[in-house]
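To keep things clear, I will list the structure first and then write my remarks on it.
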Amino acid sequence: MDVGVARESILGEKRVAVTPESARQLIGLGLGVVVEAGAGAAAGYPDAAYAAEGARIVPSLDVATVDVIAHVRPLDPPAAARLKPATVTVGLASPSSELPTVRALAEGRVTAFALELVPRISRAQSMDALTSQALVTGYRCVLEAAIRLPRFFPLYMTAAGTIPPARVLVLGAGVAGLQAIGTAKRLGARVSANDIRPASADEVASMGGTFIRLDLESAEAAGGYARELGADRAVLQRQLLAPHVAEADVLITTAAVPGRPAPLLVTRDMVAAMRPGSVVVDMAAESGGNVEGSVAGVDVVVPTADGSGEVTVVGLKDAASAMASDASRLYAKNVANFIALLTREGEVHPDFDDEVVAGACLTHDGGVLHEPTAQALAALAAATGSPVLRAGEGREDEEIEGGAG
């Protein structure tokens with residue numbers, strides 16, 4: 001059986017789902033690896049490196065000729081429609097926002113696995129792509145802030161005077177938030193953080209940050225992840241956060257809900273209350289944003305409330321792709337480990353009695369196994385008069401990565 005790897009079609013996406021190292025792992029499982037020429041070039045992995053590990057390089061990958069497709073970004077509907085029945089796909093699928101693709105996969109009787117749906121259990125950690133990519137994003141967002149802030153991050157004591165350290169506030173202490181805390185601390189900043197899960201205080205402290213406690217009820221979901229606050233509590237949260245935001249030189253927001261709009265944590269008025277020259281980095285800008293008015297891929301300038309200067313709001317976009325080499329190294333390992341779970345004696349045969357396999361499955365045998373996506377497709381079908389697809393048993397996902405709202 002062959003695993004196919006195509007060049008990513010989304011403009012600006014530099015990552016690749018299989019690296020030469022992970023190709024070696026897949027070949028060791030008895031699988032063939034077919035790589036479209038140039039698929040890894042943007043991430044620093046040349047065709048020759050794949051060939052040296054035993055992969056076959058083709059000028060253009062015909063997805064209908066392979067048994068497994070490994071991808072980074074969600075497939076588009078035409079690509080999904082070209083897959084032969086029983087093809088297995090493994091990658092990020094963004095099911096709630098890519099309903100036409102999910103329908104095409106189900107109608108084509110494709111077995112699609114969405115890495116966003118991998119259960120958050122210890123046995124599945126090596127397959128958790130959300131975590132691996134959040135680590136990259138958390139690191140990158142601090143660098144984006146540092147190059148825009150017109151001040152040093154660290155404390156400097158010089159003959160000309162003392163320069164105090166920058167004050168960095170991180171909202172959300174999930175994987176990305178903790179990485180942001182650690183990176184800002186290593187750059188010498190004074191770092192504080194908030195999360196709606198009380199248990200995250202120890203994690204913040206372990207990275208060198210100071211935990212800000214707000215007078216809010218705990219919002220911890222199963223597995224230690226956060227659940228979204230109700231509207232009234234969210235308003236109170238913003239009110240309690242406002243003075244802390246105003247004191248920060250750099251604000252980094254990291255709360256994201258896979259497949260759903262990001263929670264609003266910071267209003268425009270809160271941004272305007274910051275000091276001139278301050279920088280806000282919204283890691284969730286691509287999914288609606290934690291900061292009011294942020295735009296993915298754009299630096300938005302907000303005048304300060306007193307009219308004395310401006311605050312820059314950075315809508316982070318393609319952060320993991322900007323560090324494509326290491327992001328791909330981690331992601332490809334997640335993909336290879338997941339495919340290894342599906343493989344027995346050189347054949348990919350998913351065992352749906354395995355909770356990791358069943359939990360990550362989006363479509364199979366003409367049905368949609370992820371219940372929230374099945375419900376969204378049913379609602380879309382009712383609105384458009386389209387046929388309703390068969391729904392399978394699945395789990396609902398209510399967890400927030402970052403836990404700040």
Which of the residues that make up segment 94-114 are out of contact with any Lys or Arg (no Cβ under 9 Å at 6 or more places or on another chain), buried (at least 24 other Cβ atoms within 10 Å of the Cβ) and of a type in the set (A, V, I, L, M)?
-> Val102, Leu105, Ala112, Ala114
Looking at segment 14-24, is at least one residue open to solvent by 30 Å² or more (accessible area, probe 1.4 Å) and either among the acidic types (Asp, Glu) or within 24 Å of the chain's Cα centre (by Cα) (or both)?
-> yes
Restricted to segment 25-58, and to residues that are among the acidic types (Asp, Glu) and not in a helix (DSSP H, G or I), which residue is farthest from the chain's Cα centre (by Cα)?
-> Glu53
Sort through Asp318, Asp306 and tell me the only one that's open to solvent by 60 Å² or more (accessible area, probe 1.4 Å), acidic (Asp, Glu) and in a loop (DSSP other than H, G, I, E, B).
-> Asp306
Residues located in segment 124-147, provided they are farther than 12 Å from Leu316 by Cβ and over 17 Å from the mean Cα position of the chain (by Cα) = Ala146, Ile147
So is Ala48 closer than 23 Å to Ala327 by Cα, open to solvent by 20 Å² or more (accessible area, probe 1.4 Å) and touching a residue at least 40 places away in the same chain (Cβ under 8 Å) or not?
-> no
Considering only helices (runs of 4 or more DSSP H) wholly within segment 191-280, the ones with at least 1 residues that are of a type in the set (D, E, K, R), at pLDDT 90 or above and over 23 Å from Val302 (Cβ atoms) are 200-206
Selection count where residues are of a type outside the set (Gly, Ala, Ser) and open to solvent by 30 Å² or more (accessible area, probe 1.4 Å), scope segment 355-368 | 3
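The values are calculated or read from the model by the stated rules, or taken from the named source; none is laboratory data. These figures come from a predicted structure and were not determined experimentally. A quick note on method: Cβ atoms are made from the backbone with ideal geometry, for glycine too, and the neighbour counts reach across all protein chains shown. Each accessible area value is taken on the protein alone, full model and side chains, heavy atoms only, with ligands, DNA and RNA left out. Shrake-Rupley method; radii C 1.70, N 1.55, O 1.52, S 1.80 Å.
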